[in-house]
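Working notes, structure below.
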Amino acid sequence: MGEARAYAALIGGQFRSLMSYRLSFTLEMLSNIGTTALDIVAVVVLFSTTRSVSGFTLTEALLIVSLSSLGFALADVVVGNVDHLRVYVRTGLLDVVLVRPLGTLGQLLSMDLPFRKALRGLLSLVVLVVAVRLNDIDWTPGRVVVLIVTPIAGLVFFGAIFVLTASLAFWWVDSGEIGASFTYGGRDFTSYPMPVFAGWFRAVFAYALGFAFVSYQPALVLLGRDDPLGLPTWAGYLSPVVALVAAAVAAVVWRAGVRQYRSTGS
């Protein structure tokens, strides 16, 4: 209970600090919508020259990209600032965090929550609602659960990717570009139907690393479509399982990194 109050105090203090410059905060929030908007516009532009891509229509693609964008936007707000770990390691700020009687990861996430990115999630939610209405979905209890759970699983999955890639800084401080290729690159990858990709690239990123279960496989369940790639229908229900496995792997790597950390310059 005491830890919860401490984290709440950290987050509250940060929010009050942001509210001291309300105009700047509002402008930052509005400008941050652009990233999510561009993801959606890119899909619309792709379909502007053709009626279908790999057998998927624009409305079906909008469902996929909105599920992906909402999960990523939520993860970016809650966990995204862990990307700054390499800065904390380089400057020695992590040393200060480690001597406090609170969890290391919890402190890092509470120190600089990117509230300015919150509208990304709202935009993604609006697009998801529109996509659901545009597609002729035969609603069943199972599909309702999939619609609710998929963005939460996306939050956990992308959050795990953020933590996992940030943890590389414990061994390699200048690992930022590699991390971004999996976090932001993963967001871009999951915005499209998997048949768009081919060969080893799809096999590795979609299924070996689990990105196909962020939005593509659940979208197939919602749409009542068979998977063109041959996976069974129940694969669309695996998003929470894949997300929890990713979170477990990220937790193991994070703990290993914290244990081996030997202060600035290590």
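All but one of (1) under 20 Å from V221 (Cβ atoms); (2) surrounded by fewer than 18 Cβ atoms within 10 Å (Cβ to Cβ) hold for A42; state the number of the condition that does not hold.
Unmet condition: (1).
Within 24 Å of I137 (Cβ to Cβ) and surrounded by 17 or more Cβ atoms within 10 Å (Cβ to Cβ), is that true of L223? Can you show your working first?
On the way: within 24 Å of I137 (Cβ to Cβ): yes; surrounded by 17 or more Cβ atoms within 10 Å (Cβ to Cβ): yes.
So L223 fits the description; yes.
For the range 56-80, what are the residues that are at pLDDT 90 or above and surrounded by fewer than 21 Cβ atoms within 10 Å (Cβ to Cβ)?
Across the range 56-80, the qualifying residues are T57, L58, T59.
If I filter the range 146-184 down to residues being of a type in the set (F, W, Y) and crowded, with 24+ Cβ neighbours inside 10 Å, which single residue comes out as modelled with the lowest pLDDT?
If we filter the range 146-184 for residues that are of a type in the set (F, W, Y), which is where we start, we get 157-158, 162, 170-172, 182, 184.
Restricting the remaining residues to those that are crowded, with 24+ Cβ neighbours inside 10 Å gives 157-158, 162.
Numbers: F157: 97, F158: 95, F162: 91.
Ranking the candidates gives F162 first.
Pairs please, first residue from the range 34-63 and within 15 Å of A131 (Cα to Cα), second anywhere and not in a helix (DSSP H, G or I), Cβ atoms under 6 Å, 6+ apart in sequence or on different chains.
Short answer, once both residue conditions are applied: D39/S191; F56/P193; T59/N135; L63/N135.
Looking at the range 202-248, which of the residues that are among the β-branched types (V, I, T) and at pLDDT 95 or above is nearest to F170 (Cα to Cα)?
Per the criteria, the residue is V245.
If you scan the range 127-145, which residues turn out to be surrounded by 11 or more Cβ atoms within 10 Å (Cβ to Cβ), more than 13 Å from L220 (Cα to Cα) and among the basic types (K, R)?
none
What residue, among those in the range 226-244 that are in contact with a Phe, Trp or Tyr (Cβ under 9 Å, 6 or more places away or on another chain) and among the β-branched types (V, I, T), is surrounded by the most Cβ atoms within 10 Å (Cβ to Cβ)?
Among those that are in contact with a Phe, Trp or Tyr (Cβ under 9 Å, 6 or more places away or on another chain) and among the β-branched types (V, I, T), it is V242.
Does the range 96-145 hold any residues that are among the hydroxyl-bearing types (S, T, Y), modelled with pLDDT of 75 or more and closer than 28 Å to V252 by Cα, and which are they?
T104
Given the conditions (1) hydrophobic (A, V, I, L, M, F, W, C); (2) at pLDDT below 95; (3) more than 30 Å from F170 (Cβ to Cβ); (4) surrounded by 14 or more Cβ atoms within 10 Å (Cβ to Cβ), report the number of the one that F189 does not fulfil.
F189 satisfies every listed condition except (3).
The values are calculated or read from the model by the stated rules, or taken from the named source; none is laboratory data. Keep in mind the model is a prediction, meaning the values are calculated, not measured. So basically every Cβ, Gly included, is an ideal-geometry build from the backbone, and we count neighbours across all protein chains shown.
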